[in-house]
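Here is the structure we will look at.
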């Protein structure tokens, strides 16, 4: 059984008209290619969004799979839970 590795990063560039962009993982200092076909949850990424994703690999380099835009309300809720 394969374990999925979920990572967080921010969209540092997204071309809505072309359906792709790049996600930066600050922890690993790595940039991942993201395509609209890999987006789940219905929210289209925009530059500056916080996202969760699974890392992948293509012949051309690193890519993001199962990209999900994180709602900032979720982030705040997690911060409050951690503080309790």
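Laid out as a table, the results:
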read-out: Taking 80, 33 and counting other C-beta atoms within 10 Å, the order from fewest to most; value: 80, 33
read-out: Degrees, to the nearest 10: 72-83 long Cα axis against longest axis of the chain; value: 40
read-out: Largest-first ellipsoid semi-axes for the chain, taking √(5λ) over the Cα gyration tensor eigenvalues, angstrom; value: 22, 16, 12
read-out: Theoretical ellipticity at 222 nm over the chain - DSSP helices of four or more residues, -39500 (n - 2.57) apiece, nearest 500; value: -4500 deg cm²/dmol
read-out: Taking the chain and dividing mean pair separation by its residue count, relative contact order in percent (alpha carbons under 8 Å, at least six apart); value: 27
read-out: Cβ-derived FRET efficiency at R0 22 Å, residue 77 paired with residue 33, nearest 0.05; value: 0.15
read-out: Residue list for the stretch 12-45, given a label point 7 angstrom along the Cα-to-Cβ vector of residue 60 and an amide N cut-off under 16 Å; value: 13-23, 31-39
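The numbers here are math on the coordinates, done by the rules we state, and not lab data. This is a predicted model, so every value here is computed, not measured. Backbone-built Cβ (ideal geometry, glycine too); neighbour counts: all protein chains shown.
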